[in-house]
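The values are calculated or read from the model by the stated rules, or taken from the named source; none is laboratory data. All values derive from a computational prediction rather than experimental measurement. Note that each Cβ is placed from the backbone with ideal geometry, even for glycine, and that neighbours are counted across all protein chains shown. Each accessible area value is taken on the protein alone, full model and side chains, heavy atoms only, with ligands, DNA and RNA left out. Shrake-Rupley method; radii C 1.70, N 1.55, O 1.52, S 1.80 Å.
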Amino acid sequence: MRQPHGQNFLTDKNIAHKIVESAAVSKQDLVIEIGPGKAALTDILKDLTDNLIAVDIDSRLAADLEIKYKDNKNISVVNTDFLKYELPDKPFKIVANLPYNVGTAIVQKFLPNKNFVSGVIMLQKDVIARLLSKEGTKDYGYISLFRQYYADAEFLFDVPPGCFSPKPQVMSAVMNLKNKFPQDPDIKLFSLIKHCFSMRRKTVLNCLSTFLKTEKIQATEILNGCNIDVMCRPDKLTLEQYESLSQKIS
């Protein structure tokens, strides 16, 4: 049966334990679980931390969780869209089987937060691949660079469709994220990257020229000043090169 928010509930207990174990949760950690659903991860996390916040957009599931854990003072159930949720003003970890339809948006919400420490998340395998990919690969893009800027990442393991109910049509995977606590990015960095990858088959010369709304001769001078080949494509540039270019045009 199709769920109202497109959820695929994790049913494999071994996978649930592997996810939680990978998060290395301690009693003192504030842990946020996004999309707890039917509590496959929650049931394990509740015994590992004294402060668990379960955020679920589904009012029916949130009500079920409230009843299930009504006697547990360590669990707070929040019925809201995580994208509208105000993140805590103290260090927190994320452990989640993320809703696949808004997974990248959720990652982009918590990664830049200064109180985010680390997270273990599950998503479609192809999205995990984009988050982990490096320059020069087919999966490399805006979200790859966004993740690289804010966090170190590690692929953990695959999760086949049979571990869920209902079964998704895709393979899933789990990854670990650790905040790099970088300085705030240059004001133009991510808008530049997004623009370049919207024209990923063009040269960086074309991308920069249209981004700055300037002549190619001026864009060439800027690229030469950053030691960037004007004829290469956006997916060949490293994060450091994009940062250098962003600083130059700022």
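Per the conditions (1) in a helix (DSSP H, G or I); (2) touching a Lys or Arg at 6+ places or on another chain (Cβ under 8 Å); (3) not small (Gly, Ala, Ser), the sole criterion not satisfied by residue 48 is (1).
Could you list, in sequence order, all residues of the stretch 135-145 that are in contact with a Lys or Arg (Cβ under 9 Å, 6 or more places away or on another chain), open to solvent by 10 Å² or more (accessible area, probe 1.4 Å) and either assigned to a helix (DSSP H, G or I) or of a type in the set (Lys, Arg) (or both)? Once the filter is applied, which keeps residues that are in contact with a Lys or Arg (Cβ under 9 Å, 6 or more places away or on another chain), open to solvent by 10 Å² or more (accessible area, probe 1.4 Å) and either assigned to a helix (DSSP H, G or I) or of a type in the set (Lys, Arg) (or both), the stretch 135-145 yields 142, 143. Yes or no: the stretch 28-36 includes at least one residue that is more than 20 Å from residue 174 (Cα to Cα), in contact with a Ser or Thr (Cβ under 6 Å, 6 or more places away or on another chain) and part of a loop (DSSP other than H, G, I, E, B). Within the stretch 28-36, one or more residues are more than 20 Å from residue 174 (Cα to Cα), in contact with a Ser or Thr (Cβ under 6 Å, 6 or more places away or on another chain) and part of a loop (DSSP other than H, G, I, E, B).
Sort out which residues of the stretch 21-76 are of a type in the set (Val, Ile, Thr) and either without any contact (Cβ under 8 Å) to a residue 60 or more places away in the chain or open to solvent by 10 Å² or more (accessible area, probe 1.4 Å) (or both), and write them in order of number.
Taking the stretch 21-76 as the starting set, the residues that turn out to be of a type in the set (Val, Ile, Thr) are 25, 31-32, 34, 42, 44, 49, 53, 55, 57, 67, 75.
The answer is 25, 42, 44, 49, 53, 55, 57, 67, 75.
Can you tell me which residues in the stretch 239-248 are in contact (Cβ under 8 Å) with a residue 40 or more places away in the chain, of a type outside the set (D, E, K, R) and open to solvent by 30 Å² or more (accessible area, probe 1.4 Å)? Residue satisfying the conditions is 247 alone. Of all positions in the stretch 168-185, none carries a residue that is open to solvent by less than 10 Å² (accessible area, probe 1.4 Å), more than 30 Å from residue 37 (Cβ to Cβ) and assigned to a loop (DSSP other than H, G, I, E, B).
Test residue 209 against the criterion of being free of Cβ contacts under 8 Å to residues at least 12 places away in the same chain, farther than 15 Å from residue 135 by Cβ, of a type outside the set (Lys, Arg) and surrounded by 15 or more Cβ atoms within 10 Å (Cβ to Cβ), and give yes or no.
Working: free of Cβ contacts under 8 Å to residues at least 12 places away in the same chain: yes; farther than 15 Å from residue 135 by Cβ: yes; of a type outside the set (Lys, Arg): yes; surrounded by 15 or more Cβ atoms within 10 Å (Cβ to Cβ): yes.
Yes.
Scanning the stretch 85-134 for residues that are buried (at least 18 other Cβ atoms within 10 Å of the Cβ), in a helix (DSSP H, G or I) and of a type outside the set (D, E, K, R) turns up 100, 102, 103, 104, 106, 107, 110, 127, 128, 129, 131, 132.
Taking the conditions exactly as written (under 20 Å from the mean Cα position of the chain (by Cα) and of a type in the set (Lys, Arg)), does residue 68 satisfy them or not?
Numbers: under 20 Å from the mean Cα position of the chain (by Cα): no; of a type in the set (Lys, Arg): yes.
Taking the combined requirement at face value, the residue does not satisfy it.
Looking only at the stretch 51-84, residues that are part of a strand (DSSP E or B) and within 24 Å of residue 17 (Cβ to Cβ) come to 9 in all.
A search for C-beta distances below 8 Å between a residue of the stretch 126-139 that is within 18 Å of residue 242 (Cα to Cα) and any residue that is surrounded by fewer than 16 Cβ atoms within 10 Å (Cβ to Cβ) and not hydrophobic (A, V, I, L, M, F, W, C), counting only pairs 6+ apart in sequence or on different chains, returns 135/236; 135/238; 136/236; 139/126. Every condition in (1) in contact (Cβ under 8 Å) with a residue 40 or more places away in the chain; (2) open to solvent by less than 40 Å² (accessible area, probe 1.4 Å) holds for residue 150 except the one numbered (1). Summed over the stretch 175-200, residues that are touching a helix residue (DSSP H, G or I) at 6+ places or on another chain (Cβ under 9 Å), modelled with pLDDT of 95 or more, over 14 Å from residue 245 (Cα atoms) and not small (Gly, Ala, Ser) total 9.
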